[in-house]
1. LEU287 fails exactly one of the following numbered conditions: (1) under 30 Å from CYS137 (Cβ atoms); (2) at pLDDT 80 or above. What is the number of that condition?
2. Restricted to the range 245-292, and to residues that are among the β-branched types (Val, Ile, Thr) and assigned to a helix (DSSP H, G or I), which residue is farthest from LEU217 (Cα to Cα)?
3. Pairs only if they're at least six apart or on different chains, beta carbon under 7 angstrom, first in the range 162-187 and open to solvent by 20 Å² or more (accessible area, probe 1.4 Å), second in a helix (DSSP H, G or I) and of a type in the set (Phe, Trp, Tyr); list them, first residue then second.
4. For the range 14-37, what are the residues that are outside any helix (DSSP H, G or I), over 28 Å from ASP59 (Cβ atoms) and open to solvent by less than 50 Å² (accessible area, probe 1.4 Å)?
5. Which members of the range 315-338 meet the condition of being touching a Leu at 6+ places or on another chain (Cβ under 6 Å) and at pLDDT below 80?
6. So which of ILE112, ILE153 ends up being out of contact with any Pro (no Cβ under 7 Å at 6 or more places or on another chain), open to solvent by less than 10 Å² (accessible area, probe 1.4 Å) and part of a loop (DSSP other than H, G, I, E, B)?
7. Determine whether ALA193 is out of contact with any helix residue (DSSP H, G or I) (no Cβ under 7 Å at 6 or more places or on another chain), open to solvent by less than 20 Å² (accessible area, probe 1.4 Å) and under 23 Å from LEU167 (Cα atoms).
8. With the structure loaded, tell me whether LEU251 is within 24 Å of HIS195 (Cβ to Cβ), of a type outside the set (Val, Ile, Thr), touching an Asp or Glu at 6+ places or on another chain (Cβ under 6 Å) and surrounded by 14 or more Cβ atoms within 10 Å (Cβ to Cβ) or whether it fails that test.
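The values are calculated or read from the model by the stated rules, or taken from the named source; none is laboratory data. In this text, all values refer to a predicted model and were calculated from it rather than measured experimentally. Positions of Cβ are backbone-derived with ideal geometry, glycine not excepted, and every protein chain shown enters the neighbour counts. All accessible areas refer to the heavy atoms of the entire protein, side chains included, with ligands and DNA or RNA removed. Shrake-Rupley method; radii C 1.70, N 1.55, O 1.52, S 1.80 Å.
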Amino acid sequence: MEFLCIGLSHRTAPLVVRERLALPDARQVELLQRLAQAPNEAFLVSTCNRVELYLAAPDMNRVRESARDELRLLGGSEALEHLYEHRGDDALVHLFRVAASLDSMVLGEAQILGQVKDAFERGQGAGAVRGELTRVCAAAFGCAKRVRTETAIGRAATSMASAAVALASKVFDGLGDKTVLLVGAGEMAELAARHLKQAGATRLLVTNRTLARAEALAAEVGATARPFEELFTLLTAADVVVCSTASPVPLFTKENVGAVGRARKRRTLLMVDLAVPRDIAPEVGELDWVHAYDVDDIQKFVADNAAARAEEAQKAGVLVAQEVARFVRDRAVRNGVPVLAQLRQRGESIARAEVERTLSSIGDGLTDKQRKSIEAMARAIVNKLLHEPTARLRAVGPEHEGNRLVGAAAELFGLDEEAPAPAGMAGPNVVANGGKG
């Protein structure tokens with residue numbers, strides 16, 4: 001099986017392109033089921049900052065073209081200009097780095113690991129993730145845990161939600177006397193609510209299309225839940241609005257936000273949009289009394305904090321390299337075990353045949369002890385001959401050395417071509433349009 005990661009992220013694509021590829025869960029499942037016809041496997045990581053397909057297939061070229069076609073249909077031909085591809089071991093490295101939050105907009109944030117795990121479970125539920133990607137993801141999750149345990153990268157991190165709150169605090173020089181409206185009641189809203197409380201916000205309102213979810217979040221963080229039908233009445237009273245819904249179209253436009261300007265007496269309004277697709281239309285920021293920020297704006301805001309985590313990121317990068325190398329070694333051993341078994345079986349079969357021929361030619365002139373000595377000598381010769389090849393195949397390193405040796409052994413000894421030979425992981429290192437992901 002060969003691996004491929006194909007997608008785009010905040011590093012390669014503007015928000016206007018990323019939001020075109022944002023799919024609800026049901027459509028993600030449909031996409032995975034189209035791409036993961038057995039023996040192919042697939043899962044999709046879709047967040048506000050990245051949309052990435054991870055694929056495993058014996059014939060990757062065909063699957064790659066299908067994946068590109070799917071992304072083109074979703075995001076238009078412009079999306080293809082921003083895609084990057086990682087093949088073979090480079091796809092493993094990328095996934096391990098993503099899970100460990102080394103490729104995040106906010107370096108070291110913890111949310112991405114949960115999002116990758118959700119993507120993995122969604123792929124399993126759709127029947128698109130089976131043996132190969134299950135092993136890959138288990139190794140990636142173990143790597144992420146090791147990074148968070150053995151480095152301080154998470155301790156110095158800022159989440160998207162906390163960055164949004166820090167931005168609001170900076171604009172208003174504190175939030176103690178401000179009314180903050182949370183639009184949405186999901187995980188991002190919960191994170192934002194907790195950071196708002198820590199920042200001193202006391203007047204916190206929550207609204208959501210499903211009132212029960214707003215009430216549950218409000219009860220948890222000490223806020224007040226209000227019906228979604230009151231959205232624009234609430235907007236009139238708010239000083240800060242933080243949006244994180246799953247709406248496919250903007251909730252706030254220049255027209256409907258502008259309509260509350262008179263009632264607000266054009267009082268400054270800060271609107272922070274953590275959703276992809278966006279909840280706040282870009283034109284809202286043209287209103288002179290509104291300060292509107294989206295996730296790309298927040299990226300610029302948190303860039304200054306990246307230096308504090310750079311040293312820990314270097315340590316984490318070393319751990320990722322070690323964990324990828326470990327996975328590659330283990331995979332090569334798995335691939336090599338059937339060849340080792342065949343090689344030993346072939347050697348023992350030849351030894352038995354030669355022993356029987358020799359004993360038959362000698363006749364009955366040997367004692368049982370002598371016969372057993374000849375049999376033991378034949379087994380010892382086989383063991384000594386196979387010791388070095390076996391050791392080398394078991395002690396394989398990264399960079400495909402194990403795959404090369406396994407394939408060479410199978411070819412040199414004429415072993416069964418149908419036995420599981422090494423799954424080719426080689427291929428172009430990175431094919432990138434628009435930069436690395």
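1. LEU287 satisfies all of (1) under 30 Å from CYS137 (Cβ atoms); (2) at pLDDT 80 or above except (1).
2. Start the filter on the range 245-292 by keeping residues that are among the β-branched types (Val, Ile, Thr), which leaves 245, 249, 253, 257, 260, 268, 272, 276, 280, 284, 290.
Narrowing the set further to residues that are assigned to a helix (DSSP H, G or I) leaves 257, 284.
Numbers: VAL257: 25, VAL284: 27 Å.
Selected residue: VAL284.
3. Close Cβ pairs (under 7 Å, with a partner that is in a helix (DSSP H, G or I) and of a type in the set (Phe, Trp, Tyr)) amount to LYS178/PHE172.
4. The initial filter retains those residues of the range 14-37 that are outside any helix (DSSP H, G or I), namely 14, 22-24, 36-37.
Those still in the list that are over 28 Å from ASP59 (Cβ atoms) too: 14, 22, 24.
Hit for the range 14-37 is ALA22, nothing else.
5. Residues of the range 315-338 that are touching a Leu at 6+ places or on another chain (Cβ under 6 Å), as a first pass: 316, 324, 336.
GLY336, the sole residue that qualifies.
6. Details: ILE112 fails: part of a loop (DSSP other than H, G, I, E, B).
After applying the criteria, what remains is ILE153.
7. Values: out of contact with any helix residue (DSSP H, G or I) (no Cβ under 7 Å at 6 or more places or on another chain): no; open to solvent by less than 20 Å² (accessible area, probe 1.4 Å): yes; under 23 Å from LEU167 (Cα atoms): yes.
Spelling it out, it is not the case that ALA193 is out of contact with any helix residue (DSSP H, G or I) (no Cβ under 7 Å at 6 or more places or on another chain), open to solvent by less than 20 Å² (accessible area, probe 1.4 Å) and under 23 Å from LEU167 (Cα atoms).
8. Details: within 24 Å of HIS195 (Cβ to Cβ): yes; of a type outside the set (Val, Ile, Thr): yes; touching an Asp or Glu at 6+ places or on another chain (Cβ under 6 Å): yes; surrounded by 14 or more Cβ atoms within 10 Å (Cβ to Cβ): yes.
In short, yes.
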